[in-house]
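Report on one structure; see the data block that follows.
The values are calculated or read from the model by the stated rules, or taken from the named source; none is laboratory data. Remember, it's a predicted structure, so these values are computed and weren't measured experimentally. As a convention, Cβ positions derive from the backbone with ideal geometry for all residues, glycine included, and neighbour counts pool all protein chains shown. Each accessible area value is taken on the protein alone, full model and side chains, heavy atoms only, with ligands, DNA and RNA left out. Shrake-Rupley method; radii C 1.70, N 1.55, O 1.52, S 1.80 Å.
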Amino acid sequence: MPARRGIGLPTVIALMVAALLVGSAFGCTVLSRLGGGHGGILSSGTVSLRESELDDVVATYVVDGKRHEVTYRDAILENGSLSAAQNADGSYRVPSADSVLAVARSQVISAEAQRLGITAEDAEVDAYALATFGTTDLGTIATAYGMESDAAAVLLREATLMSQLRDQALQAEVGEAPAAPAEPGEGEEVTMTQEYASYVIGLAGDEWDGDAGTWVSYDGPFASALADYEITSSGATYEAARQAYYVAYQRHIAALSDYSAQWTDYVNGLLGNASIEISTLAI
C-alpha cells in the first residue's frame, strides 16, 4: 500500500498561529500591545489632544476599593511613542478605547502579581527579553516597536510580572514543541532507517510496545495516523517520521490552547473584580 502523505506544513503553521491567537485574543498580554491598539476614538467629538491635555485622566479603575487613573499619556506611551502619535499641527491623536482598556487591564494583572509577592528583578526582565526578543538591549527593542525606551522598559517589566504570575497560577506545563525529523538525502524519503524508527517510537511514547515491537493498540493517535506506514523497532521511513511529527505537533498545539484557555479564565476572574470606566463609557 503506498505511503499516505501527511498534512501539509501550511496546515501546521495555521494551527500554530491559531494557538498563539488564543493566547493573546483577550488583550491582556502586554507585549501583544507593542504594535499599537485598535478601536474607535474615545469621543466622537474629539479627535486630537493638545500637549497640555496629555496628562488628563481618560480612565479610572477600582480594585479592592482603591481607585487608579490612566492618562492619555499612559495610553499613548504603552502603544508607541509620543512623536508617532503627534499630528503635523503639534496636537496628538486620541488613543483608542481598546488601547486605554489594555493599559488598565495590564495594571490590574501586574498589581495582582505584586500582591502575591512576585517581583521582576532586572535579571528576570533580561531573561524574559532575551527569550522573547533574542536581545536584552532595551534600545533595540524600543526602536523595533516604535516606542520610547522608558515606556518599553515599563512594558517589559509588566510582561515579566505577568509571565511569572501565569507560571505560578497555572499548574499545567506545556513543554517544548517537538523537533522535526532530520531531512533525508535525495531519493531516500522511503528508505527505512533506525534513526527514523527511534524518532517515531520516541514521539509515540507509551503507545509503542518495545517488547512486542509494535503498537500497544491500533486505536491510539500515533498508531491511527501511521496505519499506512510500515514501522518496526529497527526501521521507519522519513515519511513516517514526518507524519509522527505532525501528530506530536498537533498535540502540542492542543496543550498550548488548553493552557491559554486556563490563563484566560484566570485573567477574566481578576478583571471581573475590577470596575473600569473610560470617559463616559462604563465597562
Problem - Subset of the range 147-178 (residues that are among the β-branched types (Val, Ile, Thr) and farther than 20 Å from Ala102 by Cβ) - result: Val174
Practice task
Could you tell me which of the residues Ala204, Ala255 is among the hydrophobic types (A, V, I, L, M, F, W, C) and at pLDDT 95 or above?
Solution key: Ala204
Practice task
Of all residues in the range 199-208, count the ones that are among the acidic types (Asp, Glu) and either touching a strand residue (DSSP E or B) at 6+ places or on another chain (Cβ under 6 Å) or surrounded by 14 or more Cβ atoms within 10 Å (Cβ to Cβ) (or both).
Solution key: 1
Completion exercise
The condition from (1) open to solvent by 30 Å² or more (accessible area, probe 1.4 Å); (2) part of a loop (DSSP other than H, G, I, E, B) that Ala120 misses is numbered (1)
Exercise for the section: Just need a number here: residues in the range 92-117 that are open to solvent by 20 Å² or more (accessible area, probe 1.4 Å) and in contact with a Gly (Cβ under 9 Å, 6 or more places away or on another chain). Expected result: 3
Handout entry: Top-ranked residue of the range 260-279 - restricted to ones that are open to solvent by 40 Å² or more (accessible area, probe 1.4 Å), in a helix (DSSP H, G or I) and touching a residue at least 40 places away in the same chain (Cβ under 8 Å), ranked as farthest from Pro181 (Cα to Cα)
Key = Asn268
Fill in the blank from the handout: Taking first residues from the range 108-137 that are more than 14 Å from Arg166 (Cβ to Cβ) and second residues anywhere that are acidic (Asp, Glu) and open to solvent by 40 Å² or more (accessible area, probe 1.4 Å), the pairs with Cβ under 6 Å that are 6 or more apart or on different chains are Thr136/Asp126
Exercise for the section: Name the single residue, out of those in the range 130-143 being aliphatic (A, V, I, L, M) and surrounded by 13 or more Cβ atoms within 10 Å (Cβ to Cβ), that is modelled with the highest pLDDT. Expected result: Leu138
Exercise for the section: Within the range 217-231, identify whether any single residue is open to solvent by less than 30 Å² (accessible area, probe 1.4 Å), of a type in the set (A, V, I, L, M) and touching an Asp or Glu at 6+ places or on another chain (Cβ under 8 Å), and answer yes or no. Expected result: yes
Exercise for the section: For the range 186-198, state whether one or more residues are within 30 Å of the chain's Cα centre (by Cα) and surrounded by 13 or more Cβ atoms within 10 Å (Cβ to Cβ). Expected result: no
Exercise for the section: Scan the range 150-179 for residues that are surrounded by fewer than 13 Cβ atoms within 10 Å (Cβ to Cβ) and either of a type in the set (D, E, K, R) or out of contact with any His (no Cβ under 9 Å at 6 or more places or on another chain) (or both) and jot them down. Expected result: Asp150, Asp167, Gln168, Gln171, Ala172, Glu173, Glu176, Ala179
Handout entry: Contacts under 8 angstrom Cβ, first residue in the range 51-69 being among the basic types (Lys, Arg), partner open to solvent by less than 70 Å² (accessible area, probe 1.4 Å), 6 or more apart
Key = Arg67/Thr60; Arg67/Tyr61
